[in-house]
Amino acid sequence: MEIDFLIEKNKITSKHNISPIEVKSDKNYTYSSLNKFKAKYKDYLFTNYILHIDDLKEENGIVFLPLYITCLL
């Protein structure tokens, strides 16, 4: 598995504290690493993100953010 970044919430709780981030620079990509990471660490994850060059969307429990929104994370 290769996850580009991990961020945590300010409020520390026993579960659902970590958000993995994958960065994709091409329009054609897969995110199998993120899916494996989600399956293995589901008790600790808050929000799953993919930063990409397309528009904002959410599907399969993953938030797809345009690259220009990165500064707001």
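Computed from the coordinates by the stated procedures, all read-outs in this text should not be read as laboratory data. What you see is a predicted model; the values in this text were computed from it and never measured. Neighbour counts run over all protein chains shown; Cβ positions are idealised from the backbone, glycine included.
Report, by residue number, each residue of region 19-45 that is in contact with a strand residue (DSSP E or B) (Cβ under 7 Å, 6 or more places away or on another chain) and within 14 Å of VAL63 (Cα to Cα).
Residues satisfying the conditions are SER19, PRO20, ILE21, GLU22, VAL23, LYS24, TYR31, LEU34, LYS38, LEU45.
Look through region 41-73, keep the residues that are among the charged types (D, E, K, R) and in contact (Cβ under 8 Å) with a residue 24 or more places away in the chain, and return whichever of them is farthest from GLU2 (Cα to Cα).
Within region 41-73, the first condition is being among the charged types (D, E, K, R), and the residues that meet it are 42-43, 54-55, 57-59.
From what's left, in contact (Cβ under 8 Å) with a residue 24 or more places away in the chain: 43, 54.
Details: ASP43: 19, ASP54: 21 Å.
It comes out as ASP54.
For region 1-45, which positions are touching a Ser or Thr at 6+ places or on another chain (Cβ under 8 Å) and more than 17 Å from THR70 (Cβ to Cβ)? Quick ask: steps written out before the conclusion?
From region 1-45, those touching a Ser or Thr at 6+ places or on another chain (Cβ under 8 Å) are 1-3, 6-9, 19, 22, 45; that's our starting set.
Correct list: MET1, GLU2, LYS9, LEU45.
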